[in-house]
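The values are calculated or read from the model by the stated rules, or taken from the named source; none is laboratory data. Please read all numbers here as calculations on a predicted model, not as lab measurements. With ideal geometry, Cβ positions are generated from the backbone for all residues, glycine too; neighbour counts draw on all protein chains shown.
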Amino acid sequence: MAAEKYRLAELVFGWSFYRQGTSGGTSSADEFIDAALAWFGDPDPRIGSAWEKGERLAKLVVHRRTLLILDGLEPLQNPPGAQEGRLREPSLQALLRELAGFNMGLCVITTRMPVADLSDHEGSSALRRALEHLSSHAGAQLLRALGVKGDEAELRNGSDEFSGHCLALTLLGSYLLAGSLTAASSALMKPTDSTSWITRQEPVQSILPRT
C-alpha cells in the first residue's frame, strides 16, 4: 500500500499489540492511546479518564481520511467464555465505538477472535474477513521482505512447510532474521493438529468509512 501512497489516505498510523501480549507482562492500551493522541496532535495525552482519551482520539481520527491499523488485538480481548472477544480496555471500547458510528477513513483490526464490541455494527460499518493462507509465492515474498536469505525454491518450500500461515511465517522470519532458511528452519515447530496458534486463521475486522 505504501507504493500506492496508501490509496489516498491523508494520515497513516499503525500499532501492534502482538509483541506486547507475548512479552509476559500485563497487556494494556495505555501506551498506544498516549502515543496515538500525541501523534494526532492532542495537546496533553495525560489528561482525562481512559474512556475520555478514547473518545478524544476518535475525534482526532474520524474527520480526515485516516488509515488506522491495530494489529494483534487479542491480548486486550476477553478469552473464550461469557465475555469472549469483548475489549477489556475502556479507551479502546470508546475509540472503536466512535469509529463505527462515523469515520471518513478506515480502521483495520487484525485479531484471532471477532471484536464483540462491534457486533451491533457488523455487516454495515464493521466488516469481518477471514484471511486465507498465503500461496507459496506470496509466502516466499513475505519471508524475503522480512530479511530471510535464500533462493526462490528454498523460500517457497519454507512457506509450504508452515502451510502459508501469516503469523507462523512472520515468527519464522523474525527468528531467522537475515540468516539462511535451510540452516535454521528445523529449529521452529511446524503446524500440527495440536498447535492451534499456528493453524488458526486470523480474521481481519475493519471499520469502513461511513457518510
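Before moving on, here are some points about what is shown:
- The set of residues in segment 99-119 being of a type outside the set (A, V, I, L, M, F, W, C) and farther than 10 Å from Val61 by Cα consists of Gly101, Thr110, Thr111, Arg112, Pro114, Asp117, Ser119.
- Screening segment 108-153 for residues that are charged (D, E, K, R), in contact with a strand residue (DSSP E or B) (Cβ under 9 Å, 6 or more places away or on another chain) and not in a strand (DSSP E or B) and picking the one that is modelled with the lowest pLDDT gives Arg112.
- Filtered by the rule that a residue be within 14 Å of Gly164 (Cβ to Cβ) and of a type in the set (D, E, K, R), segment 124-145 gives a lone residue, Glu132.
- Sole exception among (1) within 25 Å of Glu31 (Cβ to Cβ); (2) free of Cβ contacts under 8 Å to residues at least 12 places away in the same chain for Ala100, by number: (2)
- Here Ala126 meets each of (1) in the same structural domain as Gly48 (by TED's automatic domain parsing); (2) more than 21 Å from Ser16 (Cα to Cα); (3) among the small types (Gly, Ala, Ser) with one exception, condition (2).
- Residue match in segment 34-42 (condition: among the aliphatic types (A, V, I, L, M), farther than 20 Å from Leu118 by Cβ and surrounded by 20 or more Cβ atoms within 10 Å (Cβ to Cβ)): yes
- Extreme residue, farthest from the chain's Cα centre (by Cα), among residues of segment 95-124 that are of a type in the set (A, V, I, L, M) and within 23 Å of Glu10 (Cα to Cα): Met104
- Unique match (being at pLDDT 95 or above and either closer than 30 Å to Ala168 by Cβ or of a type in the set (Gly, Ala, Ser) (or both)) among Gly105, Gly41: Gly41
- Every condition in (1) closer than 16 Å to Phe13 by Cβ; (2) in contact with a helix residue (DSSP H, G or I) (Cβ under 9 Å, 6 or more places away or on another chain) holds for Ile69 except the one numbered (2).
- A search for C-beta distances below 7 Å between a residue of segment 23-43 that is more than 15 Å from Ile69 (Cα to Cα) and any residue that is small (Gly, Ala, Ser) and at pLDDT below 95, counting only pairs 6+ apart in sequence or on different chains, returns Ser27/Gly21.
- When Leu57, Leu95 are checked against the criterion of being modelled with pLDDT of 95 or more, crowded, with 17+ Cβ neighbours inside 10 Å and more than 30 Å from Ala168 (Cβ to Cβ), Leu57 stands alone in meeting it.
- Just one of the numbered conditions (1) crowded, with 18+ Cβ neighbours inside 10 Å; (2) farther than 30 Å from Gly41 by Cβ; (3) hydrophobic (A, V, I, L, M, F, W, C) is not true of Leu87: (2).
- Count of residues meeting criterion [surrounded by fewer than 12 Cβ atoms within 10 Å (Cβ to Cβ), more than 16 Å from the chain's Cα centre (by Cα) and at pLDDT 65 or above] in segment 8-30: 2
- Pairs with Cβ under 9 Å, 6+ apart, first in segment 1-17 and more than 20 Å from Ala29 (Cβ to Cβ), second among the polar types (S, T, N, Q) and at pLDDT 85 or above: Ala9/Thr66; Glu10/Thr66
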